[in-house]
1. If I filter segment 24-80 down to residues being touching a helix residue (DSSP H, G or I) at 6+ places or on another chain (Cβ under 8 Å) and modelled with pLDDT of 80 or more, which single residue comes out as surrounded by the most Cβ atoms within 10 Å (Cβ to Cβ)?
2. Tally time: how many residues in segment 1-17 are open to solvent by 100 Å² or more (accessible area, probe 1.4 Å) and part of a loop (DSSP other than H, G, I, E, B)?
Amino acid sequence: MSSEQEFLTKWRSLPQEKQEEVLDFVEFIGLKNSAHKVPLCEHLQQICTRIVASGKHLLDEDEIEKELASRRGRLQGREE
C-alpha cells in the first residue's frame, strides 16, 4: 500500500470533525513551506522601495549610527 493510500484509509476512518482538523493541518504545513514566502532581503527591498516612493529620506550609515546612539541613550536614561 502506498503512503497516499494508507493516508486515505486512515483519514476515511476518522470522524468528520477530525478529517477537517487533518485538512487544516495539511494546509498549515503547506503554507509554512510555501514557495510564496518572500525572502527577508526581498521583503526589506520592497519596504525600501515604498519608502523612497513616498518621498521620505532614507538614512545613511552615519545617520543610522546617530539614531541608534540617541535611542540607546534615552533607554539607558530611563533605567537609571
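1. To start, the set of residues in segment 24-80 that are touching a helix residue (DSSP H, G or I) at 6+ places or on another chain (Cβ under 8 Å) comprises 38, 58-59.
Next cut, modelled with pLDDT of 80 or more only: 58-59.
On the way: 58: 9, 59: 11.
The selected residue is 59.
2. Summing the residues that are open to solvent by 100 Å² or more (accessible area, probe 1.4 Å) and part of a loop (DSSP other than H, G, I, E, B) in segment 1-17 gives 1.
The values are calculated or read from the model by the stated rules, or taken from the named source; none is laboratory data. All values reported here derive from a predicted model rather than from experimental measurement. Cβ sites come from the backbone with ideal geometry, for glycine too, and all protein chains shown count toward neighbours. Calculation scope for accessible area: heavy atoms of the full protein, side chains included, ligands and nucleic acids excluded. Shrake-Rupley method; radii C 1.70, N 1.55, O 1.52, S 1.80 Å.
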